[in-house]
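> Below you'll find the structure I mean.
Derivation of every value follows stated rules applied to the coordinates shown; laboratory data play no part. Quick caveat, the model's predicted, so the values are computed rather than measured. Neighbour counts run over all protein chains shown; Cβ positions are idealised from the backbone, glycine included.
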2 protein chains.
Amino acid sequence: MTGVLVIEDDDRIRLALLLALEDEGYRVRGAGTAEEGLLMQRREPADNVLVDLMLPGLDGFECIRRLRRDDDVPIVVVSARDDTHDIVAALEAGADDYVVKPVAIKELSARLRALRRRARATHDPVQVLTFGRLEISPDAGEVRRAGRPVPVTRTEFRLLCELAEHAGRVLSRQQLLQRVWGYDTGDERLVDVHVGRLRQKIEDDPGNPRHLVTLRGLGYKLTR
Amino acid sequence: MTGVLVIEDDDRIRLALLLALEDEGYRVRGAGTAEEGLLMQRREPADNVLVDLMLPGLDGFECIRRLRRDDDVPIVVVSARDDTHDIVAALEAGADDYVVKPVAIKELSARLRALRRRARATHDPVQVLTFGRLEISPDAGEVRRAGRPVPVTRTEFRLLCELAEHAGRVLSRQQLLQRVWGYDTGDERLVDVHVGRLRQKIEDDPGNPRHLVTLRGLGYKLTR
DNA sequence: GGTTGTATGACAGTTGCGTGACAAAACCGT
DNA sequence: ACGGTTTTGTCACGCAACTGTCATACAACC
């Protein structure tokens, strides 16, 4: 799910935008001032930023410039003013798009998508799931323990990814058989064996597993 | 100087746009129909395409889709209609921006710049991809190892570029077959053979590949 | 202490990969 | 069009790694 940060001082409009975007399936958060927004973006970057031009304190143009300095996040200006001069200035400052209020939420959403399509191509970030000092990159097909690559086999890798994807939740042997092996039926012991082998590789003390733990009678889970 | 292609059937508007853009410093060319525009873009790609939605014959949406299929060129829709439905549809079809006629040329120009900034971020750095002492120039069609040119065949080159473009990620044989050969189906061993040949040329010790590595059961990836 | 559920080591069959050989196809200069 | 050269795809073989099964040992629960 993609996150959107809305920087807008008018509480009513901000709330309306946030609700509408949430409805469109975005993870949302809002800020009432540029300063607050910049801080939030620095702390926990969203995938898109919507920013109003008229903000108290630091104005929208400056806000855009600073966002742009830190980050390559796609920025959309949402402003009441439709003056060409403002539009040009905002785009020059580093904004990617400029829409005039009031804006149809469907249009905004489509513009955000179009923008992310472009932005994604740049970064293509490789996802990394972290469990303590254990790192799993499903894309890279790589597992690391304390930064060192751990050679795992395909089945072990799939199993680990499956567990990682549902981190913290128990998965029964049946579920694992189904998802990793595609078996509808089969010997559940098979899972045990592979879990064991995986532990040898990823746990510091395979006898006392910290991450890949057994829940007697239920199955296995991966914890942080 | 950057080139802009304007696809617009109304002669007066097209001419006005072309003149105005030329004035802004763009190298311009125009097309009166989608078919003509597609042909021109294929023959000599412009850096931006402006397209009207209402075109005789192939309509704007289809035109966008076809442009997008060939190419990653930034596309801006310039339309008289400001209906949300049209905007969303155009963006979904692959357009990057949508402006409503009449449009201030300064705004249009700023939007084009903003768009190119994004597009460039994705494309320009692709000029030389470096993996240790291995350099790949997709544009120049050249591969170098420790500064020395390495003669690779076309297929090897495509394969290498495909892997380089997704550096650090595993690509399955299926994916490679699809992307390099365009096969939807076929013998996956074909990939092995070419990977092997490529290794002979680009790896210091082809037996222990450092860059073009195998992930048993998953595929291949190129690492730094 | 008995029962149930889990860990693990060994093993044989299987799979996946690298490679060299070869023929077909594409390419290229004449 | 022709002949030589390079490139491409197919195949078969061998090796190494992986997989699933089983038997046994161990731990948890009642």
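> At 7 Å along the Cα-to-beta-carbon direction for both residue B:139 and residue B:33, put a label point, then send me their distance in nm to one decimal.
3.4 nm
> Provide, in order from the shortest bin, the percent of all Cα-Cα pairs of segment A:49-181 in each 10 Å bin, continuing until the bin that contains the maximum pair distance.
P(r) for segment A:49-181, in whole percents per bin: 11, 28, 19, 18, 18, 7, 0.
> Please express the shape of chain B as an equivalent ellipsoid: the semi-axes are the square roots of 5 times the eigenvalues of the C-alpha gyration tensor, given largest first in whole angstrom.
42, 19, 14
> How much of the DSSP beta bridge set in the protein assembly as shown is antiparallel, as a percent to the nearest 5?
Roughly 45 percent of the DSSP beta bridges within the protein assembly as shown come out antiparallel.
> While we're on this one: ³J(HN,Hα) across segment B:186-202 via Karplus (A = 6.51, B = -1.76, C = 1.60, θ = phi - 60°), whole Hz, x for Gly/Pro?
For segment B:186-202, the Karplus curve yields x, 6, 5, 5, 3, 4, 3, 4, 6, 4, x, 5, 5, 4, 3, 8, 9 Hz.
> Of the listed peptides B:182-189, B:27-34, B:193-200, B:89-96, what is their order by residue-averaged count of other C-beta atoms within 10 Å, with the highest listed first?
The peptides rank, most packed first, as B:89-96, B:27-34, B:193-200, B:182-189.
> Cα axis of helix B:11-23 to longest principal axis of chain B: angle in degrees, 0 to 90, nearest 10?
Orientation of helix B:11-23: about 60 degrees from the principal axis.
> Okay, moving on. Hey, with R₀ at 25 Å, roughly what FRET efficiency would residue B:175 and residue A:70 work out to, going by the Cβ-Cβ distance, to 0.05?
0.15
> I'd like to know how segment A:1-59 sits against the 2.2 N^0.38 Å rule of thumb: what's its Cα Rg over that expected value?
Expressed relative to 2.2 N^0.38 Å, the Cα Rg reads 1.03.
> For segment B:126-188, I need the span (max minus min coordinate) of the C-alpha atoms along each principal axis, in Å, sorted largest to smallest.
37, 23, 17
> Shifting gears a bit: To the nearest 500 deg cm²/dmol, what mean residue ellipticity at 222 nm is calculated for chain B from DSSP H runs of n ≥ 4 alone, each contributing -39,500 (n - 2.57), summed and divided by the residues?
About -13000 deg cm²/dmol.
> Next up: Just from the alpha-carbon atoms, what are the Rg and Dmax of the protein assembly as shown in angstroms?
Looking at the protein assembly as shown, its Cα Rg and Dmax stand at 25.8, 80 Å.
> Continuing with the same structure: With +1 assigned to the C-beta of every Lys and Arg and -1 to the C-beta of every Asp and Glu, and no other charges, what is the dipole magnitude of segment A:72-160 about the Cα centre in debye, to the nearest 20?
Using Cβ point charges on Lys, Arg, Asp and Glu, segment A:72-160 gives about 600 debye.
> Moving on. Could you tell me the relative contact order of chain B? Use alpha-carbon pairs under 8 Å, at least six residues apart, and round to a whole percent.
12 percent.
> Quantify how strongly other chains surround peptide A:105-112 by giving the mean number of their Cβ atoms within 10 Å of each of its Cβ atoms.
5
> Can you give me the C-alpha center-to-center distance between segment A:61-121 and segment A:1-55, rounded to a whole angstrom?
12 Å
> Still on this structure, please answer the following. Rounded to the nearest 20 debye, what is the charge dipole size of chain B about its Cα centre when +1 sits on each Lys and Arg Cβ and -1 on each Asp and Glu Cβ?
The dipole magnitude comes to about 1360 debye.
> Roughly what would the spin-label model give for residue A:192 and residue A:148, points 7 Å off Cα along C-beta, in nm?
Label at residue A:192, label at residue A:148, 3.0 nm between them.
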